[in-house]
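Report on one structure; see the data block that follows.
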Amino acid sequence: MTSSQHALQDALFFRASGEGAALRAVVSAVREGAFSSLSLPRSVVVLAGDRRAKLAARSVVSLADDARAPIVVAQQLPNYVGALDLVIVADEDPGSQLAEQLSEADRRGAATILVDPGQGPLRAAAGASTIVIPRPALAEGGSFNGYFGVIASALTEAGVSTIAPAGVLEEVADAVDVDIAACSPQRDLTVNPARQAASWWAERRKICVGSRGIGEPIAELAALLLLEAGQVVHATSSVALLQSLGVLLSETHSSGHDIFYDPYIDDEPEGSSVLPLGAIVIASPNTADLLQDHFGETEWARVECPALDASARHPLVDVCVSAARVAAIAAFSSRA
């Protein structure tokens, strides 16, 4: 591994290692009364500016099946938003165009929450009544778990859902830290689950697969993180994967458009081999056995259930530990 690859791996893992701290920052904000002014809103609008924020918001919505108010994930402030609504703004770009949306929501009298992106126009657009939730001091950009924690906690403290009491979120942070420690760069391939997954995925056509519900946003998060690590990846659902297997598993060779090429007697053209398929299927403890039955005996698929060994059992653990694990896998898959 080159020095630039080491540097990229270290940078990506450092960012992944902050996923637990991002949750703890939210827990601290809740216990300090940051959300104490919130009341049950008519509706909740999450303005998600970056991809992590959108995926985190989708994950929260999929879990908040007890919601007492509609929850909308958008990039533009709906016309109906007013004094009875709650608006949550999340974007890691301090100069985000969501600054105008935040200012407008505040002008209309909506309750507003901002996940602090750092100094810039977005933070400056926050009104006097806007609740600003800070990131951990050493955070280098937005965090999936940080966004997830803010959105889920805001819904809970506003009475919209019971999804994320502070005590539960603290247990989730503990579980995330334990998993990240297990994936530490100091741990070698024999005992490091993230290294094992990255090693299996090497030299394969990479597909991230999520089951219905929370699995699909996590698969999309994995694809995003691997793209940032220099890998070409596709994210899909388990249903779509099964529907496309015939094409994906077919052995195709490029003949260089040579009409005289005969695959039975001619040598294979240089550089024409198609890499074998490698699908990592993200599972929760509730779906692991079913997905293992579907994919576990195949050479082209690997079922990953990061939350299976967690001491705490809660849907939030499934999401947040899985998010941290795929971030670690991406770090060990990095190319520079």
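The values are calculated or read from the model by the stated rules, or taken from the named source; none is laboratory data. All figures in this text were calculated on a predicted structure; none of them were measured in a lab. Methodologically, a virtual Cβ is constructed for each residue, glycine included, from the backbone with ideal geometry; neighbour enumeration extends over all protein chains shown.
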- For region 31-54, does any single residue satisfy the condition of being modelled with pLDDT of 95 or more and in contact with a Phe, Trp or Tyr (Cβ under 6 Å, 6 or more places away or on another chain)? yes
- For region 229-336, list the helices (runs of 4 or more DSSP H) that sit wholly inside it and hold at least 3 residues that are modelled with pLDDT of 75 or more and touching a helix residue (DSSP H, G or I) at 6+ places or on another chain (Cβ under 6 Å); which are they? 315-332
- Query: So which residues in region 298-324 are within 18 Å of the chain's Cα centre (by Cα) and of a type in the set (Val, Ile, Thr)?
  - Reply: Val303, Val317, Val319, Val321
- Within region 125-138, residues crowded, with 19+ Cβ neighbours inside 10 Å and under 19 Å from the mean Cα position of the chain (by Cα) come out as Arg135
- Where a residue in region 68-83 is assigned by TED's automatic domain parsing to the domain that holds Arg58 and its partner, wherever it lies, is of a type in the set (Gly, Ala, Ser) and not in a loop (DSSP other than H, G, I, E, B), with Cβ under 8 Å and at least six apart: Val73/Ala48; Val73/Ala57; Ala74/Ala48; Gln75/Ala48; Leu77/Ala105; Val81/Ala105
- Query: How many residues, within region 284-303, are more than 16 Å from Leu241 (Cα to Cα) and surrounded by 17 or more Cβ atoms within 10 Å (Cβ to Cβ)?
  - Reply: 3
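Go through the residues of region 282-297 one by one and say whether even a single one is under 22 Å from Ser17 (Cβ atoms), under 18 Å from the mean Cα position of the chain (by Cα) and small (Gly, Ala, Ser). Let's see the steps before the verdict.
Of region 282-297, the ones under 22 Å from Ser17 (Cβ atoms) are 282.
In the following step, the residues that additionally are under 18 Å from the mean Cα position of the chain (by Cα) were identified as 282.
From what's left, small (Gly, Ala, Ser): none.
Scanning region 282-297 turns up no residue that is under 22 Å from Ser17 (Cβ atoms), under 18 Å from the mean Cα position of the chain (by Cα) and small (Gly, Ala, Ser).
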- Residue selected from region 65-84 under the condition crowded, with 16+ Cβ neighbours inside 10 Å and touching a helix residue (DSSP H, G or I) at 6+ places or on another chain (Cβ under 8 Å), by the criterion farthest from Ala48 (Cα to Cα): Ala67
- Message: Pairs please, first residue from region 93-116 and closer than 14 Å to Pro134 by Cα, second anywhere and among the small types (Gly, Ala, Ser), Cβ atoms under 6 Å, 6+ apart in sequence or on different chains.
- Response: Pro94/Gly118; Pro94/Gly120; Ile113/Ala154; Leu114/Ala126; Val115/Ala90
- Task: Just need a number here: residues in region 126-149 that are at pLDDT 95 or above, among the hydrophobic types (A, V, I, L, M, F, W, C) and either under 21 Å from Arg51 (Cα atoms) or not assigned by TED's automatic domain parsing to the domain that holds Val73 (or both).
- Result: 4
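So which residues in region 201-227 are crowded, with 17+ Cβ neighbours inside 10 Å and not aliphatic (A, V, I, L, M)? Let's see the steps before the verdict.
To start, the set of residues in region 201-227 that are crowded, with 17+ Cβ neighbours inside 10 Å comprises 201, 206-211, 213-226.
The answer is Trp201, Lys206, Cys208, Gly210, Ser211, Gly213, Gly215, Glu216, Pro217, Glu220.
Residues to consider are Arg68, Arg107; find the one that is among the charged types (D, E, K, R) and either closer than 28 Å to Thr162 by Cβ or within 24 Å of the chain's Cα centre (by Cα) (or both). Let's see the steps before the verdict.
Numbers: Arg107 fails: either closer than 28 Å to Thr162 by Cβ or within 24 Å of the chain's Cα centre (by Cα) (or both).
Only one candidate qualifies: Arg68.
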- Task: Might you check whether a residue that is assigned by TED's automatic domain parsing to the domain that holds Arg52, surrounded by 14 or more Cβ atoms within 10 Å (Cβ to Cβ) and touching a Lys or Arg at 6+ places or on another chain (Cβ under 8 Å) occurs anywhere in region 95-111?
- Result: no
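Of these, Ser59, Ser17, which one is closer than 22 Å to Leu169 by Cβ, at pLDDT 95 or above and hydroxyl-bearing (Ser, Thr, Tyr)? Show your work before the answer.
Details: Ser17 fails: at pLDDT 95 or above.
Checking each option against the conditions leaves just Ser59.
Residue-by-condition table, conditions (1) surrounded by 17 or more Cβ atoms within 10 Å (Cβ to Cβ); (2) part of a loop (DSSP other than H, G, I, E, B); (3) not assigned by TED's automatic domain parsing to the domain that holds Pro134:
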| position | (1), (2), (3) |
| --- | --- |
| Ile151 | yes, no, no |
| Leu155 | yes, no, no |
| Gly159 | no, yes, no |
| Leu169 | yes, no, yes |
| Ala181 | no, no, yes |
| Gln186 | no, yes, yes |
| Leu189 | no, yes, yes |
| Ala194 | yes, no, yes |
- Which condition number does Ser28 fail, the rest of (1) modelled with pLDDT of 95 or more; (2) under 24 Å from Ser322 (Cα atoms); (3) among the small types (Gly, Ala, Ser); (4) buried (at least 23 other Cβ atoms within 10 Å of the Cβ) being met? (4)
- The residue from Arg68, Arg15, Arg24, Arg58 that alone is among the charged types (D, E, K, R) and part of a loop (DSSP other than H, G, I, E, B) is Arg68
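For region 196-228, enumerate the residues that are of a type in the set (A, V, I, L, M), outside any loop (DSSP other than H, G, I, E, B) and over 22 Å from Asp318 (Cα atoms). Full working, then the answer.
Taking region 196-228 and keeping what is of a type in the set (A, V, I, L, M), we get 197-198, 202, 207, 209, 214, 218-219, 221-227.
So of that shortlist, the ones also outside any loop (DSSP other than H, G, I, E, B) come out as 197-198, 207, 209, 218-219, 221-227.
Scanning region 196-228 gives a single hit, Leu227.
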